[in-house]
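The values are calculated or read from the model by the stated rules, or taken from the named source; none is laboratory data. In this text the structure is predicted, and so the values were computed from the model without any measurement. We place every Cβ from the backbone using ideal geometry, glycine too, and count neighbours over all the protein chains shown.
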Amino acid sequence: MRGGHGRFARRGKHSLIEEEFTMKKLRKSSTQKIIAGVCGGIGEYFNVDPTLIRLGFVALSFMFGGGLLVYIIAAIVIPSEEQ
């Protein structure tokens with residue numbers, strides 16, 4: 001297929017295949033860490049201020065009571081940053 005259409009179309013210097021292999025990974029943050037680094041890691045992954053993520057967890061805890069449970073599960077499941 002000509003004209004930049006299709007799955008393997010080029011975008012600048014990188015092809016779509018190369019972009020697939022350079023995906024970000026969700027990790028607990030070691031720099032934006034307050035308790036376990038979960039909120040800092042989520043903030044870095046989505047390029048959002050970790051304080052907003054922390055406020056979201058607090059709001060979940062007060063509204064539905066599940067924020068703390070979700071945080072504990074995330075702290076166990078999400079791997080730490082590799083140094």
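For ILE42, only one of the following conditions fails: (1) within 11 Å of the chain's Cα centre (by Cα); (2) touching a residue at least 40 places away in the same chain (Cβ under 8 Å). What is its number?
(2)
Could you list, in sequence order, all residues of the range 45-83 that are assigned to a helix (DSSP H, G or I) and in contact (Cβ under 8 Å) with a residue 24 or more places away in the chain?
TYR71, ALA74, ALA75
Only one of these is surrounded by 12 or more Cβ atoms within 10 Å (Cβ to Cβ) and at pLDDT below 90: PHE21, PHE64, PHE57. Name it.
Of PHE21, PHE64, PHE57, the one residue that is surrounded by 12 or more Cβ atoms within 10 Å (Cβ to Cβ) and at pLDDT below 90 is PHE57.
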